[in-house]
Amino acid sequence: MTSFPDMRLRRVRELEPVRSLIRETQLSASNFIYPLFVTHGEGVKQPIEPMPGNFQLSLDMLEEEISEVVDLGIPAVLLFGLPEEKDPVGSGAYDPEGIIQEAIRVIKQTAPNLMVVGDVCLCEYTDHGHCGVIENQRIDNDQTLELLARTALAQVQAGADMVAPSAMMDGQVRAIRETLDANGEETVPVMGYAAKYASAFYGPFRVAADSTPQFGDRRSYQMDPANRRMAMREIESDIAEGADIVMVKPALAYLDVIKTARDRFDHPMAAYNVSGEFSMVKGAARQGWIDEKMVTLELLTAIRRAGADIIISYHAKEVARWLRGDE
Ligand code: PBG
């Protein structure tokens, strides 16, 4: 006599409408933040080689890109700057006329309703490429705090809707929160790069943002990839300092961290699908070894399934097109 299965899980997989009705995780353009690299000069739209489809753009070239982002229904951009000159203290980051401040003004003129998020860090502006100021060959935490706070304030005063400190200095969220509040900017949220790992996946970004450290590495401030419990302490401390949104970065190699954080904290959470994760997909797709669209949608769905509300991704524009049915 034939024995029949007790459970027929395939029943709810037979028809697409049923699959769609019971899908647990959704991906939508409205979940994404798209990073932009703004550079000095004029008429510059320089392709970033390891990050196909992404460019370093000068101020006069921003409008076209911004209109595209808006048309695709992506709600926010995250800005990184390539200043004309660098110095030991990263002055370009907090100069009211600095590249990011200028870019914010241009974007707000073009698209007042597009959310502009400023990445708050010094590494693109320091001649040594570290995220903080150097004192006796070490990255000095507390001197850096003041400069990060000034950077955040300069961005907000130029029109940024949110600031995202990524330097991994202890106390950076509090320093920024206090400075914003003291200057009447108490309604501007802070998205803390709370659990940011010292990751080799940032390689292509450092080409894009010209922010490779000139000596040593970032392991004295960014987290050890081996640690998950430490990430919970980082997130806890960002929340205690007043972060409104917390981030895990990178995303794909750290899905367990996202998931654990989701279970522990009720704050909105972002995950940064970083440059190296993007480049790996692009590279394999260009070889014809994987189906870029299917693989990308699967990976980004996994980041949402792990618990991220927001995904910061270089794939955002393509995803928005795929989701609305373009090929
Ligand atoms: C700046 C910063 C980095 C990234 C985002 N902000 C580089 C770094 O820490 O070296 C990496 C993003 C990416 O790889 O896409 N501190």
Checklist entry - So which GluC sites (Glu not before Pro) in the range 117-198 end up in coil per DSSP with only 12 or fewer other C-beta atoms within 10 Å? => result E186
Checklist entry - Taking the convex hull of the alpha carbon atoms in the range 1-49, what volume per residue do you get, in Å³? => result 180
Next on the checklist: Can you sort S20, S211, S67 from fewest to most other Cβ atoms within 10 Å of each residue's own Cβ?
Outcome noted: S20, S67, S211
Checklist entry - Listing D291, D170 from the residue with the fewest other Cβ atoms within 10 Å to the one with the most, what is the order? => result D291, D170
Checklist entry - Hey, got the dipole for the chain? About the Cα centre, +1 on K and R Cβ, -1 on D and E Cβ, debye to the nearest 20? => result 1680
Checklist outcome for this item: With label points set 7 Å from each Cα along the Cα-to-Cβ direction at R19 and F215, the distance between them in nm comes to 5.7
Checklist entry - For the chain, which longest stretch is free of loop sites, where a loop site is one of the chymotrypsin sites (Phe, Trp or Tyr not before Pro) that DSSP puts outside H, G, I, E and B and that has at most 16 other Cβ atoms within 10 Å? => result 1-214
Checklist entry - When the helices in the chain are scored as -39500 (n - 2.57) per DSSP H run of 4 or longer and the sum is shared across all residues, what 222 nm value do you end up with, to the nearest 500 deg cm²/dmol? => result -11500 deg cm²/dmol
Item to check | Dipole of the chain, positive end: most advanced residue of V295, P96, Q172 [Cβ charges, Cα centre] | outcome: V295
Checklist entry - In terms of the ratio Rg/(2.2 N^0.38 Å) built on C-alpha atoms, what value belongs to the range 29-323? => result 0.92
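Want the number for A226 to M294: 0.36 nm per residue separation, take away the alpha-carbon distance, what's left?
21.5 nm
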Item to check | Rough spin-label spacing in nm, given labels placed 7 Å along Cα→Cβ, for D60 and D170 | outcome: 4.8
Item to check | Under 18 Å from the Cα of K45 - lysines, other chains or at least 8 residues apart | outcome: K317
Item to check | Stretch gain in nm, segment A240-R286, where the contour uses 0.36 nm per residue and the Cα spacing is subtracted | outcome: 12.1 nm
Checklist outcome for this item: Counting only DSSP loop positions in the range 21-116, the trypsin sites (Lys or Arg not before Pro) whose Cβ has at most 11 other Cβ atoms within 10 Å are R23
Next on the checklist: Between R324 and N136, how high is the FRET efficiency from 1/(1 + (r/R0)^6) when r is the Cβ-Cβ distance and R₀ = 35 Å? Nearest 0.05.
Outcome noted: 0.05
Next on the checklist: Counting other C-beta atoms within 10 Å, and keeping those with at most 15, which DSSP coil trypsin sites (Lys or Arg not before Pro) do you find in the range 268-327?
Outcome noted: R324
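Bear in mind that the values in this text are calculations on the coordinates, not laboratory data. Not measured: the values here are computed from a predicted model. Cβ atoms come from the backbone with ideal geometry, glycine included; neighbour counts cover every protein chain shown.
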